[in-house]
Amino acid sequence: MLHRYWFCAAVVILNSVLMAGCAGHSGAVRSSAQKSNTPPASTSTSGSVADEREEKAAKAHAHYAAGIVHDMNDDTEAALRDYYAAATADPGNERLVLEVSRRFLQNKQPEKAQEILERAASRPNASGAVMARLGLVYLQLGKTDQAVHASRAAIKRSPESLAGYQNLFLHYLQSKQTPEALKILEEAAKQPNADADFLLGLAELYGSLIAQTPAQKEKLKPEVLAVLSRAGKIDPLNASQRLRLAEGFNAFGETDKAAQIYLDLLKALPDLPLVRERVHARLAGIFLRESDHKRAVEQLEALVRDDPTNPQAYYYLGYLAYNDKNSAQAADYFSKAILLNPGFEDAYYDLALAQISLDKPAEALATLEKARKQFQKNFVMEVYTGLAYSRQKEYREAVKHYTEAEIIAKATDPTRLGQEFYFQLGAAYERIGDFEQSEQYFEKCLQLKPDFPEAQNYLGYMWAEHGIKLDKARELIEKAVKAEPKNAAYLDSLGWVLFKLDKPQEALNYVLKAVALTEEPDATLYEHLGDIYAALSQPEKAREAWTKSLAVEPNDAVKKKLEVDSHPEETPKTNDGE
């Protein structure tokens with residue numbers, strides 16, 4: 001009984017495929033009542049032919065219906081036998097032939113598709129659609145000469161259909177005959193009566209050509225945009241065509257046009273979540289490329305409203321939040337991305353970086369440890385681990401991981417060893433007291449970027465602290481101050497190197513500027529100021545500055561200076577404590 005129900009349902013479905021073929025031959029299917037009312041004497045040869053055609057159509061109808069029933073029972077082999085019989089019974093029903101050939105191709109039986117298509121194509125009035133499908137089958141079977149012949153016939157019979165052009169294009173593209181492939185596209189572009197699907201499909205073929213020959217993109221871009229513009233002028237375009245048009249403009253850099261179509265689609269689209277998600281994602285991508293963070297966030301937020309389980313959307317929201325210096329929100333978004341997709345490797349590293357920015361190095365190390373258990377050791381993992389340990393002031397551990405990162409980069413991608421990396425490594429070595437190594441890494445940093453003020457200041461100050469290379473230290477620090485004249489740290493460094501060069505009066509002006517520019521009291525600044533006043537034989541001011549330094553941060557060396565007799569000759573001129 002179940003099979004009978006399916007069969008009856010199949011008969012209803014079949015009408016759209018089969019009745020078009022019947023009407024094409026006899027004009028209409030006569031009923032049994034009409035036949036019985038026709039006198040035998042009036043039966044003519046043409047009537048016999050019509051009856052024969054109706055018989056073929058009925059036979060094809062029955063086989064196709066049986067094929068659908070077999071399909072419903074997951075009996076593919078039996079279904080294909082009946083589909084083959086249906087197409088063989090009525091080769092003039094081109095809709096049936098095309099549908100059955102599609103099924104054979106889908107089931108990887110191109111020889112059977114070829115057989116039924118050749119039978120249909122042998123008819124004098126065979127359409128361009130049949131010839132194009134036959135050309136495609138020949139391509140799949142490697143019969144290129146026959147494929148070209150059939151595809152050319154398809155273009156001649158149906159020049160407004162893209163299928164023949166597409167076959168020839170694929171043949172030339174696959175055989176590395178790029179100029180010939182391009183000629184086919186140019187020939188297709190000259191068709192005056194092309195509809196929207198033809199033009200949009202043509203633009204997509206241009207995209208396939210450019211994917212294989214990227215160097216031609218700029219050269220072909222005007223041609224593709226001209227095709228897309230023609231498609232855009234056709235009115236009306238349905239939602240699917242408008243989406244394809246937007247995709248084309250987006251792919252070829254016309255992001256303003258693409259964005260407007262996408263935005264219009266969001267207003268007009270029916271409730272199709274998958275389509276809306278795609279549109280939101282495309283818009284977010286456009287706005288991200290244009291650095292329009294506000295509109296990118298709007299689209300990403302809409303995307304997660306439509307699909308709250310989209311880890312990629314949360315990841316990009318985290319990226320934007322981090323760039324907007326909202327590390328707490330960024331960490332929240334990155335955490336959601338990981339929760340939804342525990343295998344999302346980049347999200348772990350970005351979450352760790354956000355946690356470091358929030359001064360939560362222990363949480364960052366925990367995040368990185370989770371990544372370490374899942375993913376292969378890599379440069380980013382080791383660098384961020386070094387950063388987290390540096391933030392915890394565990395500089396020996398930091399050096400260990402930075403060194404591991406350097407080894408990985410040298411073996412895989414030396415370009416990753418940039419000035420920022422060498423700056424962090426130089427700073428970590430300075431913190432563990434290995435000044436020779438620190439100096440080497442800072443010099444590497446400055447070789448890569450000579451105008452790096454932070455590195456100029458750090459290396460110059462380190463030399464000044466140790467009373468070495470003072471002229472070079474002053475030169476470096478002066479460059480940093482010139483780059484950032486209101487940077488309190490750089491001004492203090494310049495004052496300190498001048499003090500070490502026995503120029504306390506010059507030093508005083510720079511350190512006073514540094515104090516004035518510093519929002520929060522700084523213990524080192526006040527200590528330097530005290531030392532300079534002492535060198536200038538101004539003991540009261542020196543004691544006042546050292547007292548302020550101790551109020552900010554306890555320091556035995558500063559405390560000792562206050563305990564020394566206030567006579568200038570007994571006041572230390574150098575700072576041995578940090």
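The values are calculated or read from the model by the stated rules, or taken from the named source; none is laboratory data. From a predicted model like this one, the values you see are computed outputs, not experimental measurements. All Cβ positions, glycine included, derive from the backbone under ideal geometry; neighbour counts span all protein chains shown. These area figures cover heavy atoms from the full protein model, side chains too; ligands, DNA and RNA do not enter into them. Shrake-Rupley method; radii C 1.70, N 1.55, O 1.52, S 1.80 Å.
Spin-label model, residue 400/residue 190: points 7 Å from Cα along the beta carbon direction are separated by 7.3 nm. Measure off, as a whole percent, the carbon and sulfur share of the 1.4 Å-probe accessible area of segment 107-220, all protein chains present. About 50 percent, which is the carbon plus sulfur part of the accessible surface. With the cut-off at 18 Å, tell me which of the pairs 360/410; 190/221; 221/257 have Cα atoms farther apart than that. Correct reply: 360/410. Starting from the Cα of residue 143, draw a straight line to each of the lysines and keep only those under 26 Å, dropping any in the same chain fewer than 8 residues away. Cα-Cα hits under 26 Å: 108, 112, 156, 176, 183.
Cα gyration tensor of segment 300-388, axes a ≥ b ≥ c as square roots of the eigenvalues: rounded (a/c below 1.5), prolate (a/b > b/c) or oblate? Taking the square roots of the gyration eigenvalues as a ≥ b ≥ c, segment 300-388 is oblate. Helix 178-189 versus the longest principal axis of the chain: what angle, 0 to 90°, nearest 10, using Cα atoms? Long axis of 178-189 versus the principal axis of the chain: about 70 degrees.
With all protein chains in place and ligands, DNA and RNA left out, the 1.4 Å accessible area ranks 434, 145, 82 as 145, 434, 82, largest first.
Taking Cα atoms only, the orientation of helix 94-106 departs from the longest principal axis of the chain by about 50 degrees.
Relative intensity of segment 153-255 on a log10 scale, I(q)/I(0) at q = 0.10, 0.15 Å⁻¹, equals -0.25, -0.58, per a Debye sum over C-alpha point scatterers of equal strength in the absence of solvent.
Assuming charge only on the beta carbon of Lys and Arg (+1) and of Asp and Glu (-1), the dipole of the chain about its Cα centre is about 2940 debye to the nearest 20. Farthest toward the positive end of the dipole of segment 281-398, out of 385, 337, 354, is the Cα of 385, where the dipole comes from beta carbon charges about the Cα centre. What percent do you get for the relative contact order of the chain when only Cα pairs under 8 Å and 6+ apart count? It rounds to 4 percent for the chain.
Accessible surface of segment 262-330, 1.4 Å probe: 49 percent of it comes from carbon and sulfur atoms.
Within straight cross-link reach of residue 217, meaning Cα distance under 18 Å, which aspartates and glutamates are found once same-chain residues fewer than 8 apart are removed? Within the straight-line cut-off, residue 217 pairs with 180, 186, 204, 247, 254. Ranking of 528, 149, 63 by solvent-accessible surface, largest first: 149, 63, 528 (1.4 Å probe, protein heavy atoms only, all chains present).
Solvent-accessible area per residue in the chain equals 52 Å², computed with a 1.4 angstrom probe and all protein chains kept.
With Rh defined as the Kirkwood radius, the inverse of the mean 1/r over Cα pairs, the Rg/Rh of segment 458-514 is 0.92. Compute the helix-to-body angle for 504-517: its Cα long axis versus the longest principal axis of the chain, expressed 0 to 90° and rounded to tens. Orientation of helix 504-517: about 50 degrees from the principal axis. Kirkwood analysis of the chain, using all unique Cα-Cα pairs, places the hydrodynamic radius at 31.6 Å. In the structure shown, the pairs 393/513; 541/561; 325/449; 393/479; 444/482 are assessed against 18 Å; a Cα-Cα span above that value is assigned to 393/513; 325/449; 393/479; 444/482.
Note on exposure: 161, 151, 122 ranked by accessible area (1.4 Å probe, complete protein assembly) read 122, 161, 151, with the most exposed listed first.
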